[in-house]
1. Sort out which residues of region 302-328 are closer than 25 Å to ASP691 by Cβ, open to solvent by 10 Å² or more (accessible area, probe 1.4 Å) and at pLDDT 95 or above, and write them in order of number.
2. Taking the options THR100, THR58, name whichever one is out of contact with any Phe, Trp or Tyr (no Cβ under 6 Å at 6 or more places or on another chain), free of Cβ contacts under 8 Å to residues at least 24 places away in the same chain and open to solvent by less than 30 Å² (accessible area, probe 1.4 Å).
3. In region 574-677, which helices (runs of 4 or more DSSP H) lie fully inside it and hold 2 or more residues that are of a type in the set (Asp, Glu)?
4. For region 115-213, give me every one of the strands (runs of 3 or more DSSP E) that falls completely inside it and has 3 or more residues that are surrounded by fewer than 21 Cβ atoms within 10 Å (Cβ to Cβ) and of a type in the set (A, V, I, L, M).
5. Return the residue satisfying two criteria in turn: it lies in region 333-368 and is among the β-branched types (Val, Ile, Thr) and touching a Leu at 6+ places or on another chain (Cβ under 7 Å), and of such residues it is surrounded by the fewest Cβ atoms within 10 Å (Cβ to Cβ).
6. For the condition modelled with pLDDT of 95 or more, under 32 Å from the mean Cα position of the chain (by Cα), open to solvent by 20 Å² or more (accessible area, probe 1.4 Å) and among the small types (Gly, Ala, Ser), what is the one hit in GLY542, GLY514, GLY482, GLY523?
7. If ARG554 meets every condition in (1) open to solvent by 10 Å² or more (accessible area, probe 1.4 Å); (2) out of contact with any Leu (no Cβ under 7 Å at 6 or more places or on another chain); (3) part of a loop (DSSP other than H, G, I, E, B) apart from one, which number is that one?
8. Run down VAL243, VAL236 and say which single residue is part of a loop (DSSP other than H, G, I, E, B) and touching a residue at least 24 places away in the same chain (Cβ under 8 Å).
Amino acid sequence: MAVFRPTPVSPFPETGGDGSQQGEARALPPELGPDAIAVVSGATFMYSDPAGDVPAGTVGGLVHRDTRLLSRWELTLDGRSPLVLRSTSLEHYLAQFVLTNAPQDGLPANALGIRRLRAIGDALHERVEVQSYLPHHCQFELRLAVGADFADLFEVKSQVFDRQQWITRQSVQDGRQWSVRYEHDEFRAESRLIANPPADRVEGDELVWHVDIDPLQEWRVDLRLALEPDDISQPVLGDIGEVFHRRAPDPSREWLASGATLRSDNQALTRTIRRTAEDLAALRLELDVNGERVILPAAGMPWFLTLFGRDTLITAYQAIAGAPRLAKGALLALARLQGRRYDDFSDEEPGKILHEVRKGELTQQGARPYRPYYGTADATQLWLILLSEYWRWTGDDELVRTLRPHVSAALDWIDHHGDRDGDGYVEYATRSPQGLGNQCWRDSPDGVRFADGRIPVLPIATCELQGYTYDAKLRLAELADGPLADPALATRLRHQAHALFDRFNADFWIDARGGYYAVGLDGDKNRIDSMTSNLGHLLWSGIVPPQRAVDLARQLLTPEMFTGWGVRTLSRADAAYNPLGYHLGTVWPHDNALAVLGLSRYGHRAEANRIALAMLDAAVQFDHRLPEALSGLFRDRTRVAVPYPTACSPQAWAAAAPVSLVRAMLGLDVVDGGLVVDPAIPPEIGRIVMDGFPACGRRWRIDAAGTSGRVEALDGWPGQARG
């Protein structure tokens, strides 16, 4: 028995804060390969190999509410696995696997056409169709091997605890149903599979059909595994055939149809923005918050289909020009779960915005701190920044006033709990045995390093945390002058922001290497002197004096930082550099998008466009979808973009990054209640037309090329345009 704080006792192996098992090293479960197929609805997903199978012992399966309800799902014909012809996700919730048979006694190769249709809605529904192309009658045995280990999501990619002693199987008489149930302490889960037509027999965990068909005759079976209702999805409902032919109502299509559109002379940009919209639709979570149904983005597929702090907030910020509803949903959902107490195990503090929410058994039993987990030092400032940005774009005074208690709590956290030692900087250090060591966006265990490779001591005040704090206070001063009607607060916040600006620029600036900012201060107030892409975040926040912005623009585009596909997270000149290290030299699209916005803010439009064009070229390499991260290898060396080995795709803040690139090219902003366009569109892009995007209570159209642009409200009310 392993004992965890605060009170729980768990039978499961003790795990480290990064999800790895402590103690004896164990082999990780096999991945399903680069062509694996994920089918997703809300926070539920089915992850399989290209044949549609989930081999036992792999990372695949059906996961619902962070619990794996199917850990094996393998189809065979006469004991042989079918051969893959083509597999694809037709929609995020629907996949098709087109297969044929392998050669075997009495059945030549390619004699059968096999199709598996798979959809997730209120249930997992799979239809298996088999058609004979033989000129004569044929018989074969179709067998489906099924298994459920009820693993917690945190176990799936590490070490799965054996729960067999708590799993019971329901006897099946007619072959129509396979059912297993897991119950341990107060946690319960069930997998109940219904087959139509029923299997001819059930052998343990295998359903077997004897198929007897004539030439061109089709045989099929429908398989359905019901899912416990969840409050974070609006599934597509209907027969799988109706779903396949798009005759079933689809909330995602309705959501896309209501949004803005973009077209450009550059087809890569047009297609990338279209893919962005589709991916954000796929990553939608829908929640009831105080009686209101809201929409917000999950972090990524397939492992991060849940509410995050930092990821959700940055995604919503990037998408604000096309989908302000995502911002409102994120603000309300995160405010509802804002920290209220001190709790060491979850790193919760009053006023703090959470990092991550989970619902699996390890979390419910208290072995993991994700109910919710608050180990992030930037989500609170980002929540305030998003509130300001949402207000600027929508003029929603009522929401700002409604959230005033949460605003006050967030500001109090920044000044008293975020600033752990009273030095005026926000720092982090986990108090939880399961907590994250780094609680900034570079949250891998080695994501923050000295230039010589040393790991700094806690607590750490990273540079971008101070930039976010500076930006949040200036933005909140604007809200205090406006809907909050508190001029004294506005004065106090501006004074604090200006003092932070001066202090930060004295304490974090390093003259060496051409001038740059340290990535942070360690627990002994030493400058952590590695050169990182966080420089771009500082430009985005506005905490950099204009004369130093010139130095940062140059640094971001040196060969040590710029790969040709984007800016590396860590300079090649630093000892810890690794082009495949998670935060040690990879290229992250959202990180680059913030740098592009920052460079544009300071007037370095050519540098911003160079990075933006590199990002768009990278998107083309991945079917117009930017993955979570790319390797930091030089473009000239590989000629193709190389993904980070286990990158999520799509991941929300990478999916939304192209919107920020377009915003920077257009110089698109809302100033004093008016829409402003100040284009600097590179020749490679040509003309950009955005239609129907919401801002300032209206729908708008922008038509821009080069440095000229026109913006007009679709109801005829003119905006402002410069250029």
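The values are calculated or read from the model by the stated rules, or taken from the named source; none is laboratory data. Nothing here was measured: the structure is a model prediction, and the numbers come from that model. Ideal geometry is used to build each Cβ from the backbone, glycine not excepted, and the neighbour counts take in all protein chains shown. For the accessible areas, the whole protein counts, side chains as well, though only heavy atoms, and no ligand, DNA or RNA atoms are used. Shrake-Rupley method; radii C 1.70, N 1.55, O 1.52, S 1.80 Å.
1. Selection gives TYR317, LYS328.
2. THR100
3. Per the criteria, 605-621.
4. Correct list: 206-213.
5. VAL357
6. GLY523
7. Every condition holds for ARG554 apart from (3).
8. Step by step, each of VAL243, VAL236 is checked, and only VAL236 is part of a loop (DSSP other than H, G, I, E, B) and touching a residue at least 24 places away in the same chain (Cβ under 8 Å).
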